[in-house]
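Q: Just dropping this structure here.
The values are calculated or read from the model by the stated rules, or taken from the named source; none is laboratory data. Since the structure is predicted, the reported quantities are computational estimates derived from the model, not experimental observations. Note: ideal-geometry Cβ built from the backbone for every residue, glycine included; neighbour counts use all protein chains shown.
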Amino acid sequence: MEQYPEKKHITYESAQKFVQAIQNGDIYTVQHSILRLDNHRNMILSANPIYNIRYQFTIWVTVISTFCVECGLPVVYAHFLCSLTIQKAYFINTVYGIQLLFNEVTMDYTCRMHHIAQLAGYSKKILPVIEYVLTHWTQRMTVIQIAERFHWHPHSLSYAFQREVGVSLAVYIRQYRLQIATDLLKYSDFPAYRISRYLHYSSHSHFIKLFKKQYHCTPTEYRNRFFYYYWL
């Protein structure tokens, strides 16, 4: 079992630095900073340690989500990840398991913010296309539909997007949807076939094929690797 460092009470300054590191997409700092939810002497919300850490988890994840939105994280994704992980925390019955979940979700937010920070380098023509993909993943999207929306010829958009981003628009959409699928597999108990429908894949078998190509395992194998890890 993972050993935590000696307990130190959370100070306002340390908490502020931790949240700022997440906002900035500072993966290294977040990886090396463990914010212990049970160390906050000014935030005892229940005498029951499980209830207490669940309440603190809810507060911290909501705060982090809100601050990330202020720094550019799409609201639809921030609320999606926040609600998924808070629901999962209420099914975990150990302090250690909830702390592990918190460590995982803070890293997920940090990685998303790291990606958001990189968007500043894209042109004014391509950036709106990327932002559209990041905020409309719950809807059906095709290159033709996006091209029409932004007044591009589909071939011209595909060429310009690949030249600037490094992958085609179709691949970018596919990779982002698969990233959302990993969140659903880790943090929810939705069956894989429902996830494939939710993310508008043509079939469950097509979803499995693309997922395995991207992550070198099936959705079920991915869930078995991550979902049950927290049920300690």
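Q: Within the range 185-220, how many residues turn out to be among the small types (Gly, Ala, Ser) and either crowded, with 19+ Cβ neighbours inside 10 Å or within 22 Å of THR85 (Cβ to Cβ) (or both)? Can you show your working first?
A: Going residue by residue through the range 185-220, those that are among the small types (Gly, Ala, Ser) are 188, 192, 196, 202-203, 205.
Checking which are either crowded, with 19+ Cβ neighbours inside 10 Å or within 22 Å of THR85 (Cβ to Cβ) (or both) leaves us with 188, 192, 196.
Qualifying residue count, the range 185-220: 3.
Q: Further, regarding this structure: So, in the range 51-76, exactly how many residues are touching a helix residue (DSSP H, G or I) at 6+ places or on another chain (Cβ under 8 Å), over 19 Å from GLN20 (Cα atoms) and surrounded by 15 or more Cβ atoms within 10 Å (Cβ to Cβ)?
A: 3
Q: Still on this model: Which of the residues belonging to the range 168-195 are under 18 Å from the mean Cα position of the chain (by Cα), more than 28 Å from GLY97 (Cβ to Cβ) and polar (S, T, N, Q)?
A: GLN175 - this is the single residue of the range 168-195 that is under 18 Å from the mean Cα position of the chain (by Cα), more than 28 Å from GLY97 (Cβ to Cβ) and polar (S, T, N, Q).
Q: Go through (1) within 24 Å of THR220 (Cβ to Cβ); (2) of a type outside the set (S, T, N, Q); (3) out of contact with any helix residue (DSSP H, G or I) (no Cβ under 8 Å at 6 or more places or on another chain) and name the single condition PRO128 misses.
A: PRO128 satisfies all of (1) within 24 Å of THR220 (Cβ to Cβ); (2) of a type outside the set (S, T, N, Q); (3) out of contact with any helix residue (DSSP H, G or I) (no Cβ under 8 Å at 6 or more places or on another chain) except (1).
Q: If we only count helices (runs of 4 or more DSSP H) wholly inside the range 100-218, which ones have 2 or more residues that are of a type in the set (Val, Ile, Thr)? Break it down into steps so the answer makes sense when it comes.
A: Working: elements: 127-135, 143-149, 154-165, 169-187, 192-198, 204-215.
In the range 100-218, the matching helices (runs of 4 or more DSSP H) lie at 127-135, 143-149, 169-187.
Q: Looking at the range 1-45, which of the residues that are of a type in the set (A, V, I, L, M, F, W, C), at pLDDT below 85 and in a helix (DSSP H, G or I) is surrounded by the most Cβ atoms within 10 Å (Cβ to Cβ)? Steps first, please.
A: Step one: list which residues in the range 1-45 are of a type in the set (A, V, I, L, M, F, W, C), which gives 1, 10, 15, 18-19, 21-22, 27, 30, 34-35, 37, 43-45.
Among the residues that remain, those that are also at pLDDT below 85 are: 1, 10, 15, 34-35, 37, 43-45.
Now restrict to residues that are in a helix (DSSP H, G or I): 15, 37.
Details: ALA15: 14, LEU37: 22.
Looking at the filtered set, the residue picked out is LEU37.
Q: Give the number of residues within the range 129-167 that are among the charged types (D, E, K, R), surrounded by fewer than 13 Cβ atoms within 10 Å (Cβ to Cβ) and over 26 Å from the mean Cα position of the chain (by Cα).
A: First, the residues of the range 129-167 that are among the charged types (D, E, K, R): 131, 140, 148-149, 163-164.
Okay, now just the ones that are also surrounded by fewer than 13 Cβ atoms within 10 Å (Cβ to Cβ), so 140, 163.
From what's left, over 26 Å from the mean Cα position of the chain (by Cα): 163.
So the count comes out to 1.
Q: If you don't mind, another one. Does SER123 satisfy being surrounded by fewer than 19 Cβ atoms within 10 Å (Cβ to Cβ) and in contact with a Ser or Thr (Cβ under 9 Å, 6 or more places away or on another chain)?
A: On the way: surrounded by fewer than 19 Cβ atoms within 10 Å (Cβ to Cβ): yes; in contact with a Ser or Thr (Cβ under 9 Å, 6 or more places away or on another chain): no.
Considered against the rule, which asks whether it is surrounded by fewer than 19 Cβ atoms within 10 Å (Cβ to Cβ) and in contact with a Ser or Thr (Cβ under 9 Å, 6 or more places away or on another chain), SER123 comes out as no.
Q: Based on this model, can you work out whether LEU84 counts as within 15 Å of the chain's Cα centre (by Cα), of a type outside the set (Ser, Thr, Tyr) and part of a helix (DSSP H, G or I)? So that I can check it myself, show each step before the final result.
A: Values: within 15 Å of the chain's Cα centre (by Cα): yes; of a type outside the set (Ser, Thr, Tyr): yes; part of a helix (DSSP H, G or I): yes.
Criteria met by LEU84.
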